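Step one of this worksheet: look at the structure below.
The values are calculated or read from the model by the stated rules, or taken from the named source; none is laboratory data. Source: prediction; values computed, not measured. Cβ placement follows ideal geometry from the backbone for every residue including glycine, while neighbour counts extend to all protein chains displayed.
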Amino acid sequence: MRSSLPIILTLAALAGGCAIEPFQKDDSKPSVSQAQPRQSPAGSGPVLTAPPPQVEAPSPDAEPAVEVPPPPPPPRERAKAPAATLSPASKALVSQAQAQRKNGDLPGATVSLDRALRIEPNNPLLWIEMGRLRMDQRNYPQAENMGRKALAMSVGDDRTQSLAWQLIADSLRARGKNIQAQEATEKAKALSPN
Amino acid sequence: MARSKLSIKTRRKVQRGFVLLALLLLLVAVVAVLVLGARVTQQFEGRRWTLPARVYAQPIELYVGQALSAARFVEELERLGYLSQAAPERPGTYRRRGDRVDLYLRAFRYSDQPQAARMLRVGFSGNAITSLVDGKGVDVPVIRLDPLLIGSIFPLHGEDRIIVAPDEVPPLLPAALKAVEDRKFESHHGVNPLAILRAMFVNVRAGQIEQGGSTLTQQLVKSYFLDSRRTLGRKAEEAVMAVILESRFEKADIMNAYINEIYLGQDGTRAVHGFGLASQFYFGKPLAELGLAEIATMVAIVRGPSYYDPRRHADRALARRNLVLRVLAEQGVITEKEAERAAAKPLGVAEAGHKGAVFYPAFLDLVRRQLRADYKESDLTEAGLTVFSTLDPLLQEKAESALASELERQDKSARKASHGLEGVVIVTTPQTGEVVAIVGGRRASFDGFNRALDAKRPIGSLAKPVVYLAALETGRYTPASLVHDQAVEIKLPNGDTWKPANFDKEIRGDMPAVRALTQSLNLPTVNLGLEVGLKRVARTFVQLGLEEKPAEYPSMLLGATNLSPFEVARMYNTLANGGFRSPLRSVRAVLSESGKQLKAPQLEVAEAAPAEAVYTIDRMLIEVMERGTGRPARKSLPPGLVVAGKTGTSNDYRDSWFSGFSGSHLIVVWMGHDDNSQTGLTGTTGALAAWSKLMSSIPTTSFDPLMPESLENRWIDYYSGRETSPYCNGSAVNMPFKTGTPLYASDLCPPGAEGALETDPATPGEEAPAPALDAPPTP
């Protein structure tokens, strides 16, 4: 763990560098050269020319106004996502939900997690908690779906992805899908920082 | 019965007959008393079982970091009927000192656990809560503000009430009722013959409050059997029942029943019964928190809820309230001083539109329909359920005013003969699939037809993202794939020819998919949809959340399918939620009258479409807002707020749609006429204006989903689809592609070009058309 820190830092720095100048990275790639002009299909409109016209006729829903494209937004490359954490409010609600689950109060736990999700709908850890609750409720397909939602929300966050895969593995195993469960467990292990 | 002189001989016979008759009458009387007794007892004991379900809005969560300013927090407290006081010392009061608000939180029974009343100190800084501690200074991580009661599910033209327990009734209320309505309540046996006599003969002396002949018990009985016949027989029946009630039940129980039973006002088709609901209805707060002046007003209303309606006849109500106060002082219930002070106060009745039990008809209708899946209608109208809904009162209010002001603006525009333009707004939180606001039309009133759920209209260009998503799902298309803006004719099975055209009848040739969708062009969409196949497009509609597969006609590609705003919300919610489909919920939890948590719809998600395809469509829908048909919204949206969306206009401008989302809200707006006549509005000129007004007035976040790992961002030319540099004439657009997708490079401004590249528009370089759609060149 301690020895991997410099590697993580280097990776993060690299990723950060990519985030700043994405098109330079593209530069190094062999760009596709000019292709043969394609026959324009009969009856089609005028052949594209460059630079294209800046003024467009209004489209079905457009205001009859000149279309002025805005300057390009900054590149959307991302550095490696930081590990997800719970806000203090969510943390309190999650511990409350865990206590309620322990007492068999599943409807109560549902309310607590619903509240937390309203506060942090994009926190994958909360979706994993909701999936754990669905396991208790024996709603295994939904447990898996919660895990998949958590995966989509934790791209680049290995620790959270590992937890999500573990949830998915448990849900598959509970339904007797042992081979897929094993695969999911492998993924969880591979991503686990420990 | 006529009486004749009787001979001595026959007297005995008659006497015997008379005794028999008397016995018979007695028997009839006994039977009648038994029957009446059984009826009234059943009413009295069974009454608590006919309670409409009470529906609450979402509670506001208080926690450090919550985006809430002190001013808005106070607004919410006022909405909930919290009283501003120098020192909050009882539940339902608060004090604001600049950036600090101290409040005495009310107790509330939530579905998971009860919350006791307690002191809270909330610190604010700008638009956020920065500290939250209890009365002893201990940190509170998160706590709910008691939720707003938004209505009840009661039978049509039915009674509505909020039952209050004796300990929720301020002691002054029964004392005042007795003093004004029934001074001998504690001692009589159901009827007060003296009072009846007085009512009959001694009429009102000037200045003295007239005492009705009926005891509280008789009024209660009368209310049980709502029957306005004022016959003598009826009166006798009531009197008998009152005596029976008194013989069987305690005075305290009868008083409590009276307080919960009596009719106190009318709210549309809803009859307001009991002081619990009336307190919410007139003053927007719980009965326990009413002050002397307010209690006196309610006691004044008892005598004639329509005649003394404090909203419509404030002067009458005020005069009678002050009369009540004087009687209370005379009777020694309160002091003269208290009466004077209370009489100096205004009525203080909450605005009709701002009362505690605001009636949100379109939303409540959805709640009712969704609960009908698990509950019988009679459970909802009688079983005393407590329903915790997803409505966000602030968003609802903003949605109502955004729609109203836009409809008004359209009314005023001279452009068209606008007659009764109508509109619908639906707001959801995409991740959790919760419906947080529904506006069903320009009027809050509602007569069974819920436009948001029932008005099925052609969705126009709202269908286009579905066509492009279906194409992306095949894996053969990218945002740079060329689509063909060229004429198309389709022979229909009935022999007709379908000849769609672009809005402006222009034809532009080939263009990248991102541009065709951004500018909502018809012909490229039709050509693409035909390439992909109608079957596949129809399937994608279903994947996104349509319950019924749309008819597979080519016109489906341009949105000929009729959908309700709610169905549109369900589909677009899936796009806003990264391809995860969630049933849209209006209910979070249901509690039985005895406090048991019952069945309620649960949060569910399902992967509806590949994350990569949905992510790509969402990025294209961001372009719609940046440079396409959604661009006018930028004028009102906060700079930097990233949103995605799509306009929709049906044939001949009958329907104007906009459906779009930020990171935390999906908003669907429809405008049109109920008779389906033309509006002259496009999606941009009509619905988008209301959409952007609403989106810019609510606290929301940028739409910024995580890019799936298998994708990478590339710059392409908006007009040719070729890979380019971000510095090219403003025509570069950043789009996601599967990593390593081969793309043609732009000649004029190839990827890697730095700085603004000067091109001479007079001598455009000859750029070769890009490759065919699904046959990318191999490097």
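Considering only segment B:675-704, how many residues are under 17 Å from residue B:626 (Cα atoms) and not aromatic (Phe, Trp, Tyr)?
Looking only at that region, the number is 12.
I'm trying to understand the selection: among the residues of segment B:87-106, which are outside any strand (DSSP E or B) and either surrounded by 15 or more Cβ atoms within 10 Å (Cβ to Cβ) or within 14 Å of chain A (Cβ to nearest Cβ) (or both)?
If the condition is that a residue be outside any strand (DSSP E or B) and either surrounded by 15 or more Cβ atoms within 10 Å (Cβ to Cβ) or within 14 Å of chain A (Cβ to nearest Cβ) (or both), then B:88, B:91, B:92, B:106 are the ones that fit.
Any idea how many residues of segment A:177-194 are among the polar types (S, T, N, Q), surrounded by 13 or more Cβ atoms within 10 Å (Cβ to Cβ) and free of Cβ contacts under 8 Å to residues at least 12 places away in the same chain?
Residues that pass the stated criteria total 1.
Going through A:193, A:141 one at a time, which residue ends up being modelled with pLDDT of 95 or more and either charged (D, E, K, R) or out of contact with any strand residue (DSSP E or B) (no Cβ under 8 Å at 6 or more places or on another chain) (or both)?
Selected residue: A:141, the only one of A:193, A:141 that is modelled with pLDDT of 95 or more and either charged (D, E, K, R) or out of contact with any strand residue (DSSP E or B) (no Cβ under 8 Å at 6 or more places or on another chain) (or both).
The conditions are (1) surrounded by fewer than 17 Cβ atoms within 10 Å (Cβ to Cβ); (2) at pLDDT 95 or above, and residue A:168 fails exactly one of them. Which is it?
(1)
If I go through segment B:107-128 residue by residue, how many of them are among the small types (Gly, Ala, Ser), in contact (Cβ under 8 Å) with a residue 40 or more places away in the chain and surrounded by 15 or more Cβ atoms within 10 Å (Cβ to Cβ)? Spell out the reasoning first.
At the first step, the residues of segment B:107-128 found to be among the small types (Gly, Ala, Ser) are B:107, B:111, B:116-117, B:123, B:125-126, B:128.
Okay, now just the ones that are also in contact (Cβ under 8 Å) with a residue 40 or more places away in the chain, so B:111, B:126, B:128.
Still in the list and also surrounded by 15 or more Cβ atoms within 10 Å (Cβ to Cβ): B:111.
So the count comes out to 1.
Looking only at residues in segment B:715-725 that are assigned to a loop (DSSP other than H, G, I, E, B) and facing another protein chain (nearest Cβ under 8 Å), which one is surrounded by the most Cβ atoms within 10 Å (Cβ to Cβ)?
Restricting to residues being assigned to a loop (DSSP other than H, G, I, E, B) and facing another protein chain (nearest Cβ under 8 Å), the top hit is B:720.
Here are some conditions: (1) under 24 Å from residue B:609 (Cα atoms); (2) surrounded by 21 or more Cβ atoms within 10 Å (Cβ to Cβ). Residue A:112 meets all but one. Which one does it not meet?
(1)
Can you tell me how many residues within segment A:166-188 are out of contact with any Gly (no Cβ under 6 Å at 6 or more places or on another chain) and either within 14 Å of chain B (Cβ to nearest Cβ) or on the phi > 0 side of the Ramachandran plot (or both)? First the steps, then the outcome.
Pass one, segment A:166-188, residues out of contact with any Gly (no Cβ under 6 Å at 6 or more places or on another chain): A:166, A:169-188.
From what is left, the residues that are either within 14 Å of chain B (Cβ to nearest Cβ) or on the phi > 0 side of the Ramachandran plot (or both) are A:171, A:176, A:187.
Total satisfying the criteria: 3.
Within segment B:726-744, can you find the residues that are at pLDDT below 90 and at the interface with chain A (Cβ under 7 Å from one of its Cβ atoms)?
B:726, B:729, B:730, B:731
Scanning for something of a type in the set (Phe, Trp, Tyr) and not in a helix (DSSP H, G or I), does segment B:450-471 turn up at least one residue?
No: zero hits.
Would you tally the residues in segment B:269-314 being under 21 Å from residue B:325 (Cβ atoms), assigned to a helix (DSSP H, G or I) and aromatic (Phe, Trp, Tyr)?
Looking only at that region, the number is 3.
Is it the case that some residue within segment B:491-509 is in contact with a Pro (Cβ under 6 Å, 6 or more places away or on another chain) and touching a residue at least 60 places away in the same chain (Cβ under 8 Å)?
No, there is no match, as no residue in segment B:491-509 is in contact with a Pro (Cβ under 6 Å, 6 or more places away or on another chain) and touching a residue at least 60 places away in the same chain (Cβ under 8 Å).
I'd like to check something: does segment B:65-76 contain any residue that is surrounded by 14 or more Cβ atoms within 10 Å (Cβ to Cβ) and within 24 Å of residue B:386 (Cβ to Cβ)?
Yes - at least one qualifying residue is present in segment B:65-76.
Condition first: more than 9 Å from every other protein chain (Cβ to nearest Cβ), assigned to a loop (DSSP other than H, G, I, E, B) and at pLDDT 95 or above. Now tell me which residues in segment B:584-607 satisfy that.
B:584, B:586
Within segment B:667-681, does at least one residue satisfy the condition of being surrounded by 24 or more Cβ atoms within 10 Å (Cβ to Cβ), within 12 Å of chain A (Cβ to nearest Cβ), more than 20 Å from the chain's Cα centre (by Cα) and modelled with pLDDT of 95 or more?
The answer is no; no qualifying residue exists.
When you scan segment B:686-693, do you find a residue that is touching a Leu at 6+ places or on another chain (Cβ under 7 Å), away from chain A (no Cβ under 12 Å), farther than 22 Å from residue A:122 by Cβ and of a type in the set (Ser, Thr, Tyr), even just one? Give the derivation first.
Keep residues of segment B:686-693 that are touching a Leu at 6+ places or on another chain (Cβ under 7 Å), which gives B:690, B:692.
Remaining after also requiring away from chain A (no Cβ under 12 Å): B:690, B:692.
Those still in the list that are farther than 22 Å from residue A:122 by Cβ too: B:690, B:692.
Narrowing further to those that are of a type in the set (Ser, Thr, Tyr): B:692.
Yes, segment B:686-693 contains at least one residue that is touching a Leu at 6+ places or on another chain (Cβ under 7 Å), away from chain A (no Cβ under 12 Å), farther than 22 Å from residue A:122 by Cβ and of a type in the set (Ser, Thr, Tyr).
Among the listed residues B:177, B:194, identify the single one that is at pLDDT below 80 and part of a helix (DSSP H, G or I).
Exactly one of B:177, B:194 is at pLDDT below 80 and part of a helix (DSSP H, G or I), namely B:194.
Name the single residue, out of those in segment B:491-504 being farther than 18 Å from residue B:651 by Cα and in contact with a strand residue (DSSP E or B) (Cβ under 8 Å, 6 or more places away or on another chain), that is surrounded by the most Cβ atoms within 10 Å (Cβ to Cβ).
Checked segment B:491-504; the qualifying residue surrounded by the most Cβ atoms within 10 Å (Cβ to Cβ) is B:492.
Give the number of residues within segment B:386-418 that are in contact with a helix residue (DSSP H, G or I) (Cβ under 9 Å, 6 or more places away or on another chain), modelled with pLDDT under 90 and in a loop (DSSP other than H, G, I, E, B).
Residues in segment B:386-418 being in contact with a helix residue (DSSP H, G or I) (Cβ under 9 Å, 6 or more places away or on another chain), modelled with pLDDT under 90 and in a loop (DSSP other than H, G, I, E, B): 2 in total.
List pairs: first in segment A:143-159 and in contact (Cβ under 8 Å) with a residue 12 or more places away in the chain and assigned to a helix (DSSP H, G or I), second surrounded by fewer than 21 Cβ atoms within 10 Å (Cβ to Cβ) and hydroxyl-bearing (Ser, Thr, Tyr), Cβ under 8 Å, 6+ apart or cross-chain?
A:158/A:192; A:159/A:192
May I ask you to list the residues in segment A:101-150 that are more than 9 Å from chain B (Cβ to nearest Cβ), of a type in the set (A, V, I, L, M, F, W, C) and under 20 Å from the mean Cα position of the chain (by Cα)?
A:125, A:126, A:128, A:143, A:150
Being touching a strand residue (DSSP E or B) at 6+ places or on another chain (Cβ under 7 Å), assigned to a loop (DSSP other than H, G, I, E, B) and touching a residue at least 60 places away in the same chain (Cβ under 8 Å) is the requirement here; does residue B:160 meet it?
No.
Determine whether residue B:612 is within 21 Å of residue B:545 (Cα to Cα), among the charged types (D, E, K, R) and more than 7 Å from chain A (Cβ to nearest Cβ).
For residue B:612, the condition - within 21 Å of residue B:545 (Cα to Cα), among the charged types (D, E, K, R) and more than 7 Å from chain A (Cβ to nearest Cβ) - is met.
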